[in-house]
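Presented below is the structure to which this report refers.
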Amino acid sequence: MTFVVLDPQTGQRIEIGIASSDGGTGPVATDRAGRAFVRPEGFPMPRYFFNTHIGEDVITDLNGEELRDPDHAWEASRSIIRAMMDDPKNQDRLLAASLVVTDEAGEVVLEFPFAEALAGDAPEEPRHEMPNAH
């Protein structure tokens, strides 16, 4: 999958590539809970738009992406955020950002804070056991 967004500060188009085995278009897929389902033939997949909000600035997704359902949009959001955070020069600016996913009607499907997407990456702090008082 490739997402094209427009950076409001520079006006430049930015392409973000996300690896996917089938691009989410295969007839058999699984949701986040691991449940398998089959997309009926002839039914178009919904298009989702991944807009990055950084303070008052919005980086608009111009093309959107056809995905099977909101769960797949959530997975794509997490991948997009991680790809955007790969560049160390962007990390400080993006840590407070959110990815706001909308459908074709412009309705918000989900809002995904960048910090939340990275929370699973942080190493667990060591646990210190309290000594037993005797």
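The values are calculated or read from the model by the stated rules, or taken from the named source; none is laboratory data. What you see is a predicted model, and the numbers here were worked out from it, not measured in a lab. All Cβ positions, even for glycine, are placed from backbone atoms using ideal geometry, and neighbour counts span all protein chains on display. These accessible areas exclude ligands, DNA and RNA; they are computed on the full protein's heavy atoms, side chains included. Shrake-Rupley method; radii C 1.70, N 1.55, O 1.52, S 1.80 Å.
Going through segment 65-113 one residue at a time, which ones are without any contact (Cβ under 8 Å) to a residue 12 or more places away in the chain, in a loop (DSSP other than H, G, I, E, B) and either in contact with an Asp or Glu (Cβ under 9 Å, 6 or more places away or on another chain) or open to solvent by 70 Å² or more (accessible area, probe 1.4 Å) (or both)?
If the condition is that a residue be without any contact (Cβ under 8 Å) to a residue 12 or more places away in the chain, in a loop (DSSP other than H, G, I, E, B) and either in contact with an Asp or Glu (Cβ under 9 Å, 6 or more places away or on another chain) or open to solvent by 70 Å² or more (accessible area, probe 1.4 Å) (or both), then D86, A105, E107 are the ones that fit.
If you take the residues of segment 44-64 that are touching a strand residue (DSSP E or B) at 6+ places or on another chain (Cβ under 8 Å) and closer than 17 Å to L94 by Cα, which of them is surrounded by the fewest Cβ atoms within 10 Å (Cβ to Cβ)?
The extreme case among them is T60.
Pull out all pairs, ordered by first then second residue, where Cβ-Cβ is under 9 Å, the residues are six or more apart or on different chains, the first lies in segment 35-62 and is at positive phi, and the second is at pLDDT 85 or above and surrounded by 15 or more Cβ atoms within 10 Å (Cβ to Cβ).
These pairs meet every condition: G55/A97.
If you check L99, L62, which single one turns out to be touching a helix residue (DSSP H, G or I) at 6+ places or on another chain (Cβ under 8 Å) and at pLDDT 90 or above?
L99
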